[in-house]
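> Handing you this structure, nothing more for now.
The values are calculated or read from the model by the stated rules, or taken from the named source; none is laboratory data. Computed from a predicted structure; not experimentally measured. Neighbour counts are summed over all protein chains in view; Cβ atoms, including those assigned to glycine, are modelled from backbone coordinates with ideal geometry. Surface areas here come from the heavy atoms of the whole protein model, side chains and all, with no ligands, DNA or RNA. Shrake-Rupley method; radii C 1.70, N 1.55, O 1.52, S 1.80 Å.
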Amino acid sequence: MYPYYESDWSVLPPEANRRFNPAFNMATIKQVVNEAIERVRMPTPMRLRDLIRQIRAARTAAEERSVVNKECAYIRSTFREEDSVWRCRNIAKLLYIHMLGYPAHFGQLECLKLIASTRFTDKRIGYLGAMLLLDERQDVHLLITNCLKTDLNSNTQFVVGLALCTLGAIASPEMARDLAGEIERLMKSPNAYIRKKAALCAFRIIKRVPDLMEIFLPATRSLLSEKNHGVLITGVTLITEMCENSPDTLNHFKKIVPNLVRILKNLILAGYSPEHDVSGVSDPFLQVKILKLLRVLGINDVDASEAMNDILAQVATNTETSKNVGNTILYETVLSIMDIKSEGGLRVLAVNILGRFLLNNDKNIRYVALNTLLRTVHVDTSAVQRHRTTILECLKDPDVSIRRRAMELSFALVNSQNIRTMMKELLAFLEKTDAEFKAQCSSSIVLSAERYSPNKRWHLDTLLKVLVAAGNYVRDDVISSTIQLISESISQQGYVTLQLFKALSEDHQNRQPLTQVAVWSIGEFGDLLLQATPDEENGVFPPTEEQVIELYQKLLWSPQNSVTTKQYTLMSLTKLSTRFNSTNNKIQQIISSFCSSLHVELQQRGVEYSQLFGKYSHLRPPLLERMPPMELTRSQSDHHTNGDISDSEPRSVEDSPQHTVNSESNALLDLLGGADSIADLDIIKTSSQPIQPISNSNNQDLLDLLGLGPISSTPMTDMGGNMGLIMENNNSDVLISSSNQNSNFLSGDLFSNISNERNVPTLTAYNRDGLKIVFSLIRIPENNTLSINVTTTNCTLSTMTDYIFQVAVPRTFQLQMLSPSGTVLAPNANVTQDLRVTNPNKNPLKMKVRLSYLIDGNPVQDQVEVNNFPADIWD
Amino acid sequence: MMQFMLLFSRQGKLRLQKWYVAHPDKLKKKITRELITTILARKPKMCSFLEWRDLKIVYKRYASLYFCCAIEQCDNELLTLEIIHRYVELLDKYFGSVCELDIIFNFEKAYFILDELMLGGEVQETSKKNVLKAIAAQDLLQEDEAVEGALRDIGLL
């Protein structure tokens, strides 16, 4: 850089260099002096390039850490000394270190200093650092807002560009409010480079603060009359966001449909333009954005849809499909055709495009095809049915994402005509598939079988195969619905018990659900099992009594079987004592051996059942009589006998938990045979609110929290014969809770009529791991009641499921909990639930809160005490 | 809207990260680590899309580098592949047959190019020429400043 510079001079300090030498001009001398001063003051920092080399040369992680730590310490010291000459270089190094995962927050303020510099190089690195090191949670935001404001008014377009880019990346709501005016001004700038960036900044601002939309509206419209594709695409993006934001704006922009159609038409018809061409397609980025905006504008609007029918058809037929680009556009077109009120012919065209996608060699295209078919299957089932074989083929794809989609789509396609073939494929899939699919797949198979089974025998066989194939992954709903079905199919009981016995004797290690269903059936229908018609085809013959007892012994002593399964087995064995003739002594012996079981539940059963063989043996036969067939209270009349398209929307998976609860509790009620409890249930059913699975367990847990004993023994005493099943479902409190819920509904109505309420401030009851619970308190003075509206918000990125919120208060209070608005918390979504606390003695309120949920498949449980209620709430 | 873009090597080393949504540093690191392991574990024959939390992950491998983008449910995953490809083309044009080392040693340039292609998670320019022109003009500004600074240092200005 300095050609006149001689190395021997450089080592001399300036005071030593007193000799006048005319061979050096003034500049050289000055340079030497400067260099020397610089060197004395501070050594030149390492270059970025050298740092990267050094870090890459490190052979171990420890070595790398030491290089980084040394450099970080050095960079910190330069920051302290306010060295502005090398600040830019140091920040650049810090950014590299940051990318390696080391802390770099101490560079935040230095970035702002760089931004404030007048040099473009400093600004460029400074803004890059700001985007990487700051996010909108930083308090330095006020400072950066001021810097941005200055730079947005700069004369250099690139400085404005840097500021816009930074604002677009890290705009916080406050920043958005402060700078919205500037952005609106820049959207009208004569410079296209600035206009396009300003449009996207406006897009981000609206995303952060939707209220600010108004001020951008006038400037937005004119963006569409541009020739520049950058401005066009950003304008379309901005309008799309605005339309999705408010229905009024959507209506306002309906009139631009013809403009959009024209732009799209020009894109397709225009000849080759090298600037925007991507393998033969003219600006796919812009085309996709326009298609998306057309979709937003055309949804539920016949006129707008009419106006875009032609162009959609044109895009669908004219797009080159040999490359990913073409398929990208077709994919977006199909989505638009399906969502707007398009013509029938166009829809067929769209489904056919997806059908072609399914046959494509590219996995990505197949994936989006399955995804899109899944979304459209309800609209046009028969068109999708045509591609059934291809879809089933995708069940065998090596890719998880494709398999999952194919499975969901396959279930959506099941109807009464194809159930046999579909189930064959799906059962084969169930057998081989990964654990993560088994639960969902088995429940879906059960649901489909329930809806479309051609006959009872087939239905039972299918359920049996599910129990065998899915092992322990079977959900509880499958167990209860299988038992239900066996109970009501009187003519098949012998057959199915035999099949279950066979499956059980082959393998009972890791199939708890199968074991439970099997022992229930054998217990109920033990006599039928012995006389069952042999299944010669598969070589299944009815066992002898001894064989059965032998199997039971194995089950009861196997350490692999859960306690629940053993409870089922004991119960079943007791029943067998009235069904079998010659093995009663053996049975009695086994049962009495449980009188000394280490497990308290099993011991209790052992003792109780033993009584039935001793003092109360006259009660045994009537107690253990066969149960009457369980009548399915769930409406089954909608059994589909034909593939009626309009009705064939399959039950979505989300529905199933509710159904499960319904059927389970009904079955239990039937089991108990209590007429009054059925009446209770009826009341609940007539109220429009669904039964929330959560509240079922509330009561007991509450009692637990308060330190009261469990109430599970209450229902056990009256019907010894069905204890096992009741205990198993762990719903022994269903009855109690149902009636409680009922009263909640009633009281809910009562309370909602009270208008004389006083607002008390809200309080945050819980804020941990991204879960926030806020109580808003409303006092109802008449009866010393506090109504608490509980709002739970999920601040994480993941969805929380199975969310259960429980509360306990001291005994002097009365607590009522109404049903929560849901059990699933999507990110940033919330669930609300109302509590009412009555406080007759006006004591200070204390509350214990327990909550549990599943996040990313991991269960989380926590408990806190809430004592910070305002003291004046009861005054 | 694109939520973030990550570039990482086959060895799992992060080469570039661009976040269009605000997260605390800790969460960013967690997400990055999780995605890198998930994607590196996928076989080459699998499709380029992942469902991850409530986002769609689109990734593609170019030589030793993985380009990975997180987009929202309503976004077009095939188009995201095109965006990735466009970015690779731009890097290639700028560096002249780009390799991983170019991006390591000139990571700031890689960011600058991305910032001219995308803004706030959306595409801002669909013409390659315009992007490269803007980058070249800004590089020129920097060079001018360097020359000017050098001249000032030696007292010629």
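> Name every residue in segment B:49-90 that is closer than 24 Å to A:Gln287 by Cα and of a type in the set (A, V, I, L, M), in order of residue number.
Of the residues in segment B:49-90, the ones closer than 24 Å to A:Gln287 by Cα are B:49, B:55-60, B:67-90.
Correct list: B:Leu55, B:Ile57, B:Val58, B:Ala70, B:Ile71, B:Leu78, B:Leu79, B:Leu81, B:Ile83, B:Ile84, B:Val88, B:Leu90.
> Of the conditions (1) within 13 Å of chain A (Cβ to nearest Cβ); (2) within 20 Å of B:Arg15 (Cβ to Cβ); (3) touching a residue at least 60 places away in the same chain (Cβ under 8 Å), B:Cys68 clears all except one; give me its number.
Single failed check for B:Cys68: (1).
> Continuing with this model, one more query. Answer yes if at least one residue in segment B:16-27 is more than 30 Å from A:Glu174 (Cα to Cα) and within 9 Å of chain A (Cβ to nearest Cβ), and no otherwise. Before the answer, list the steps.
Of the residues in segment B:16-27, the ones more than 30 Å from A:Glu174 (Cα to Cα) are none.
Within segment B:16-27, none of the residues are more than 30 Å from A:Glu174 (Cα to Cα) and within 9 Å of chain A (Cβ to nearest Cβ).
> A follow-up question, please. Hey, among the residues in segment B:21-71 that are assigned to a loop (DSSP other than H, G, I, E, B) and touching an Asp or Glu at 6+ places or on another chain (Cβ under 6 Å), which one's surrounded by the most Cβ atoms within 10 Å (Cβ to Cβ)?
Initial filter on segment B:21-71 (assigned to a loop (DSSP other than H, G, I, E, B)): B:21-24, B:42-48, B:53-54, B:63-64.
With touching an Asp or Glu at 6+ places or on another chain (Cβ under 6 Å) added as a condition, the list becomes B:22, B:46-47, B:64.
Values: B:Ala22: 17, B:Met46: 19, B:Cys47: 23, B:Ser64: 13.
Among those residues, the one meeting the criterion is B:Cys47.
> Related question: Select from segment A:419-428 the residues that are open to solvent by 10 Å² or more (accessible area, probe 1.4 Å) and either within 14 Å of chain B (Cβ to nearest Cβ) or not basic (Lys, Arg) (or both) and list them in ascending order.
Step one: list which residues in segment A:419-428 are open to solvent by 10 Å² or more (accessible area, probe 1.4 Å), which gives A:420-421, A:424-425, A:427-428.
Within segment A:419-428, A:Thr421, A:Glu425, A:Leu427, A:Ala428 meet the criteria.
> Next question, about the same structure. Return only the number of the condition from (1) facing chain A (nearest Cβ under 9 Å); (2) under 20 Å from B:Lys60 (Cα atoms) that B:Val98 does not satisfy.
(1)
> When the residues of segment A:373-405 are narrowed to those that are within 19 Å of A:Val334 (Cα to Cα) and among the hydrophobic types (A, V, I, L, M, F, W, C), which ends up farthest from the chain's Cα centre (by Cα)?
Across segment A:373-405, the extreme among qualifying residues is A:Ala383.
> From B:Leu132, B:Leu140, which residue is more than 9 Å from chain A (Cβ to nearest Cβ), assigned to a helix (DSSP H, G or I), under 25 Å from A:Asp283 (Cα atoms) and among the aliphatic types (A, V, I, L, M)?
Values: B:Leu140 fails: under 25 Å from A:Asp283 (Cα atoms).
Criteria check complete, one pass: B:Leu132.
> Inspect all residues belonging to segment A:390-403 and state whether any of them is closer than 18 Å to A:Val368 by Cβ, away from every other protein chain (no Cβ under 14 Å) and open to solvent by 20 Å² or more (accessible area, probe 1.4 Å).
Applying the first criterion (closer than 18 Å to A:Val368 by Cβ) to segment A:390-403 yields A:390-391, A:393-395, A:397-403.
With away from every other protein chain (no Cβ under 14 Å) added as a condition, the list becomes A:390-391, A:393, A:395.
Imposing the further condition that a residue be open to solvent by 20 Å² or more (accessible area, probe 1.4 Å) reduces the set to A:390, A:393.
Yes, segment A:390-403 contains at least one residue that is closer than 18 Å to A:Val368 by Cβ, away from every other protein chain (no Cβ under 14 Å) and open to solvent by 20 Å² or more (accessible area, probe 1.4 Å).
> Might you let me know whether segment A:213-223 holds any residue that is on the phi < 0 side of the Ramachandran plot, in contact (Cβ under 8 Å) with a residue 12 or more places away in the chain and touching a His at 6+ places or on another chain (Cβ under 7 Å)?
There is no residue in segment A:213-223 that is on the phi < 0 side of the Ramachandran plot, in contact (Cβ under 8 Å) with a residue 12 or more places away in the chain and touching a His at 6+ places or on another chain (Cβ under 7 Å).
> If a residue counts only when it is at pLDDT 85 or above, which helices (runs of 4 or more DSSP H) contained entirely in segment A:24-135 have at least 1 such residues?
Details: elements: A:26-41, A:48-57, A:61-80, A:87-99, A:108-116, A:120-133.
Ranges flagged: A:48-57, A:61-80, A:87-99, A:108-116, A:120-133.
Residues checked against (1) within 14 Å of chain B (Cβ to nearest Cβ); (2) within 17 Å of A:Thr764 (Cα to Cα); (3) at pLDDT 85 or above; (4) open to solvent by 50 Å² or more (accessible area, probe 1.4 Å):
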site: A:Met817; (1), (2), (3), (4): no, no, no, no
site: A:Asn839; (1), (2), (3), (4): no, no, no, no
site: A:Leu845; (1), (2), (3), (4): no, yes, no, no
site: A:Ser852; (1), (2), (3), (4): no, no, yes, no
site: A:Ala871; (1), (2), (3), (4): no, yes, no, yes
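> With (1) free of Cβ contacts under 8 Å to residues at least 60 places away in the same chain; (2) at the interface with another protein chain (Cβ under 10 Å from one of its Cβ atoms) as the list, and B:Gly120 as the residue in question, which single condition is left unmet?
In the conditions (1) free of Cβ contacts under 8 Å to residues at least 60 places away in the same chain; (2) at the interface with another protein chain (Cβ under 10 Å from one of its Cβ atoms), B:Gly120 misses (1) alone.
> With respect to A:Gln547, determine if the residue is under 40 Å from the mean Cα position of the chain (by Cα) and either free of Cβ contacts under 8 Å to residues at least 60 places away in the same chain or surrounded by fewer than 20 Cβ atoms within 10 Å (Cβ to Cβ) (or both).
Working: under 40 Å from the mean Cα position of the chain (by Cα): no; either free of Cβ contacts under 8 Å to residues at least 60 places away in the same chain or surrounded by fewer than 20 Cβ atoms within 10 Å (Cβ to Cβ) (or both): yes.
Considered against the rule, which asks whether it is under 40 Å from the mean Cα position of the chain (by Cα) and either free of Cβ contacts under 8 Å to residues at least 60 places away in the same chain or surrounded by fewer than 20 Cβ atoms within 10 Å (Cβ to Cβ) (or both), A:Gln547 comes out as no.
> For segment A:337-384, which positions are assigned to a loop (DSSP other than H, G, I, E, B), more than 14 Å from chain B (Cβ to nearest Cβ) and either among the small types (Gly, Ala, Ser) or closer than 21 Å to A:Ser401 by Cβ (or both)? Spell out the reasoning first.
From segment A:337-384, those assigned to a loop (DSSP other than H, G, I, E, B) are A:340-343, A:359-362, A:377-380; that's our starting set.
Narrowing the set further to residues that are more than 14 Å from chain B (Cβ to nearest Cβ) leaves A:340-343, A:359, A:377-380.
A:Ser342, A:Leu359, A:Val377, listed by residue number.
> Here's another thing I want to ask about it. If you scan segment A:496-521, which residues turn out to be closer than 15 Å to A:Gln560 by Cβ, polar (S, T, N, Q) and in contact with a Ser or Thr (Cβ under 8 Å, 6 or more places away or on another chain)?
Correct list: A:Gln509, A:Gln512, A:Thr515, A:Gln516.
> I need the full set of residues from segment A:816-865 which are under 17 Å from A:Arg768 (Cα atoms) and among the acidic types (Asp, Glu), in order please. Spell out how you get there, then give the answer.
As a first pass, look at segment A:816-865 and keep what is under 17 Å from A:Arg768 (Cα atoms): A:825-831, A:848-856, A:858-865.
The answer is A:Asp856, A:Asp862, A:Glu865.
> I need the strands (runs of 3 or more DSSP E) fully contained in segment A:758-875, keeping only those with at least 3 residues that are of a type outside the set (A, V, I, L, M).
Fully inside segment A:758-875 and qualifying: A:758-768, A:771-780, A:785-794, A:800-808, A:830-838, A:847-855, A:858-866.
> Look at B:Ala110 and say whether it is open to solvent by 40 Å² or more (accessible area, probe 1.4 Å) and either at pLDDT 95 or above or among the small types (Gly, Ala, Ser) (or both).
On the way: open to solvent by 40 Å² or more (accessible area, probe 1.4 Å): no; either at pLDDT 95 or above or among the small types (Gly, Ala, Ser) (or both): yes.
No; evaluated as a whole, the condition is false for this residue.
> Evaluate the following for A:Phe253: is it at pLDDT 90 or above, in contact with an Asp or Glu (Cβ under 8 Å, 6 or more places away or on another chain) and either assigned to a helix (DSSP H, G or I) or closer than 30 Å to A:Arg208 by Cβ (or both)? Lay out the reasoning, then the answer.
Working: at pLDDT 90 or above: yes; in contact with an Asp or Glu (Cβ under 8 Å, 6 or more places away or on another chain): no; either assigned to a helix (DSSP H, G or I) or closer than 30 Å to A:Arg208 by Cβ (or both): yes.
Taking the combined requirement at face value, the residue does not satisfy it.
> I'd like to verify a number: residues in segment A:119-130 that are within 8 Å of chain B (Cβ to nearest Cβ) and either among the aliphatic types (A, V, I, L, M) or open to solvent by less than 10 Å² (accessible area, probe 1.4 Å) (or both), how many? Reasoning before the result, please.
Pass one, segment A:119-130, residues within 8 Å of chain B (Cβ to nearest Cβ): A:119-121, A:124-125, A:128.
Right, trim to either among the aliphatic types (A, V, I, L, M) or open to solvent by less than 10 Å² (accessible area, probe 1.4 Å) (or both) and you get A:120, A:124-125, A:128.
Residues that pass the stated criteria total 4.
> Here's something else I'd like to know. If we only count helices (runs of 4 or more DSSP H) wholly inside segment A:256-336, which ones have 1 or more residues that are under 31 Å from the mean Cα position of the chain (by Cα), within 14 Å of chain B (Cβ to nearest Cβ) and buried (at least 21 other Cβ atoms within 10 Å of the Cβ)? Full working, then the answer.
Numbers: elements: A:257-269, A:284-298, A:302-318.
Output list reads A:284-298.
> Moving to a separate point now. Mind checking which pairs have a first residue in segment B:9-28 that is without any contact (Cβ under 8 Å) to a residue 12 or more places away in the chain and a second that is among the basic types (Lys, Arg) and open to solvent by 50 Å² or more (accessible area, probe 1.4 Å), Cβ under 8 Å, 6 or more apart or different chains?
What qualifies is B:Ala22/A:Arg137; B:Pro24/A:Arg137.
> Just for helices (runs of 4 or more DSSP H) wholly inside segment A:137-209: which have at least 1 residues that are of a type in the set (D, E, K, R), more than 13 Å from A:Val231 (Cβ to Cβ) and at the interface with chain B (Cβ under 9 Å from one of its Cβ atoms)?
Per the criteria, A:192-208.
> Just to be sure, is A:Glu488 surrounded by fewer than 23 Cβ atoms within 10 Å (Cβ to Cβ) and without any contact (Cβ under 8 Å) to a residue 24 or more places away in the chain? Can you show your working first?
Numbers: surrounded by fewer than 23 Cβ atoms within 10 Å (Cβ to Cβ): yes; without any contact (Cβ under 8 Å) to a residue 24 or more places away in the chain: no.
It is false that A:Glu488 is surrounded by fewer than 23 Cβ atoms within 10 Å (Cβ to Cβ) and without any contact (Cβ under 8 Å) to a residue 24 or more places away in the chain.
> Failed condition for A:Leu529, given (1) open to solvent by 10 Å² or more (accessible area, probe 1.4 Å); (2) assigned to a helix (DSSP H, G or I), with all others met?
All conditions are met except number (1).
> Considering A:Ile483, A:Ile479, which residue is under 21 Å from A:Leu623 (Cα atoms) and aliphatic (A, V, I, L, M)? Working first, answer last.
On the way: A:Ile479 fails: under 21 Å from A:Leu623 (Cα atoms).
Only one candidate passes the filter, namely A:Ile483.
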